[in-house]
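Worksheet: one structure, shown below.
Computed from the coordinates by the stated procedures, all read-outs in this text should not be read as laboratory data. What you see is a predicted model, and the numbers here were worked out from it, not measured in a lab. Cβ atoms come from the backbone with ideal geometry, glycine included; neighbour counts cover every protein chain shown.
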Amino acid sequence: MEIKIDKDSSDQRFDRFLRKWFKKYPQVRLADIYSAIRKWLIKVNGKKAKEEYRIRVGDSIQIDDKVQMGSEDLSALVSQKDRKLEKVDTKKIKQQILYENDHWIVFDKPAGIPMHPGNKHRNDLCMNDYLDKYAEAYKTSTFKPSFGYRLDRDTSGVLIAAKSYEALQYINSIIRERDIDKYYLAFVIGKFPAHLIIKKPLAKTYNKEFDRSQVKVDYDDWLEAKTECWLEKSIKHPELGPISLLKIKIHTGRMHQIRVHVASEWFPVLGDIVYGNPSINRILYKSLDINRQLLHCRKYSFLDPFQNDQITFESPIPADFQKILKP
């Protein structure tokens, strides 16, 4: 199948266009879409395209016959979504709201909740479900509130949604232009230096065994990446050994950037099952009952064009971080 991109569809991310387009094929899951992109089953102009590629007028998207689309069934899609949203507790969602005005909804995202369904959790509630349910009143025929960026399933903290198309375009543009300040907290294994700037290029790879994307330091097929870290506190934990709490600023926004960069310096994030230390992680899980990577989006700041002022959103330090700090 071939899709020609016209003016109304242009200037949006490749993956976001596909997510909208495939909504009329409810049997195609989000995980199937991203898998097809990685496996080159969906191409742009006959070539492999990255998820973040911005489609342009005249582009041709080719969908391989191996993508099992089935037939269109809008009613099935709507009913499936409605059934899922019935599980959403609106009161619980309101407890996660850090800030809201006419343009932004800012969530304090809990750890363990994905942005969208995946292979193993396709029927579980995700952040997009919470946003859809909470923002039903703001939805129009042409736009529904949308998140401006993603956080990993096990990363907690500040997550911003736009309530208008103008706001969404703006936050997407400042992320591309790096006109934002993003700060994270992370616990890493070992005694970290007082200050460290990590500038190592990153490239996305695909792990066939686990059917998931991963990232590695790569000086051949790479994207620029820069991470700046400050030591907040080093402690000798009675069970985990030497660990450090870091404040981290990401100057670029690559997939898994913080986790890969600190691991490349031999200071993996505590609890990271992909890039971390398995033996220390087992102690974290069994002795402290902490089952996630200890990475938290602490602060997000940018110039808000709607009120012509710098705005800053900050998430409280989560309970599992406090648990580590006070053994």
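Details
- Computed over segment 1-80, the percent of Cα pairs more than 16 Å apart is 48.
- Think of segment 125-222 as a dipole: +1 on every Lys or Arg Cβ, -1 on every Asp or Glu Cβ, centred on the Cα centre; then among 125, 160, 198, 198 lies furthest on the positive end.
- Highest-MSF residue in the chain out of 145, 117, 316 [GNM, Cα springs under 10 Å]: 316
- Charge sum, other residues only, whose C-beta stays under 13 Å from residue 150's C-beta, Lys/Arg counted +1 and Asp/Glu -1: +2
- Relative contact order, whole percent, for segment 178-325 stands at 27, derived from Cα pairs under 8 Å and 6 or more residues apart.
- Using only side-chain charges placed at the Cβ, +1 for Lys and Arg and -1 for Asp and Glu, the dipole size of segment 87-177 relative to its Cα centre rounds to 300 debye.
- Spacing of the two label points (7 Å from each Cα toward its C-beta) at residue 303 and residue 222, in nm: 3.2
- Remark: for residue pairs 7/87; 4/50; 24/66, the C-alpha separation exceeds 26 Å in 7/87.
- Among the listed pairs 94/226; 91/144; 133/216; 23/91; 109/326; 43/247, those beyond 31 Å (Cα-Cα): 94/226; 133/216; 43/247
- Which of 281, 214, 225, positive extreme of dipole for segment 178-325 (C-beta unit charges): 281
- When peptides 246-254, 60-68 are ranked by their average number of other Cβ atoms within 10 Å per residue, the highest-first order is 246-254, 60-68.
- Hz values of 3J(HN,Hα) by residue in segment 97-114 - Karplus curve (6.51, -1.76, 1.60), Gly and Pro given as x: 7, 8, 6, 7, 9, 5, 10, 10, 10, 10, 9, 9, 5, x, 5, x, 10, x
- At full extension, residue 1 and residue 45 could sit 14.6 nm farther apart than now, given 0.36 nm per residue minus the alpha carbon distance.
- Shape of segment 178-325, Cα gyration tensor, a/c cut at 1.5: oblate
- Kyte-Doolittle mean at least 1.0, axial Cα span of 24 Å or more - DSSP H helices of the chain: none
- Charge dipole of the chain about the Cα centre (unit charges at C-beta), most positive-ward option of 235, 10, 35: 235
- Within the shell of other residues whose beta carbon sits under 15 angstrom from the beta carbon of residue 95, the net charge comes to +2, with Lys and Arg scored +1 and Asp and Glu -1.
- Extension gain from residue 230 to residue 214, taking 0.36 nm per residue of separation minus the Cα-Cα distance: 3.2 nm
- The HN-Hα couplings worked out from phi for segment 41-51 by the Karplus form 6.51 cos²θ - 1.76 cosθ + 1.60 (θ = phi - 60°) are 7, 10, 10, 10, 6, x, 10, 5, 10, 6, 4 Hz, whole numbers, x standing for Gly and Pro.
- Between residue 290 and 285, the built amide H atoms are under 5 Å apart, and every one of these is 5 or more places off in sequence or on another chain.
- Here the extension length gained between residue 57 and residue 283 equals 76.1 nm, from 0.36 nm per residue of separation less the Cα-Cα distance.
- Where GluC sites (Glu not before Pro) fall in DSSP loop in segment 196-237, at most 16 other Cβ within 10 Å: 209, 224
- Sequence-separation-based contact order of the chain, relative, with Cα cut under 8 Å and 6+ spacing, percent: 13
- The chain: antiparallel DSSP beta bridges as a percent of all, rounded to 5: 95
- Interchain or long-range residues, amide H under 5 Å from residue 295's placed H: 156
- Sites matching chymotrypsin sites (Phe, Trp or Tyr not before Pro) across segment 189-245 that sit in DSSP coil, with at most 13 neighbouring C-beta atoms within 10 Å: 210, 219
- Assigned charges on the beta-carbon of Lys, Arg, Asp, Glu; the chain dipole about Cα centre (debye): 640
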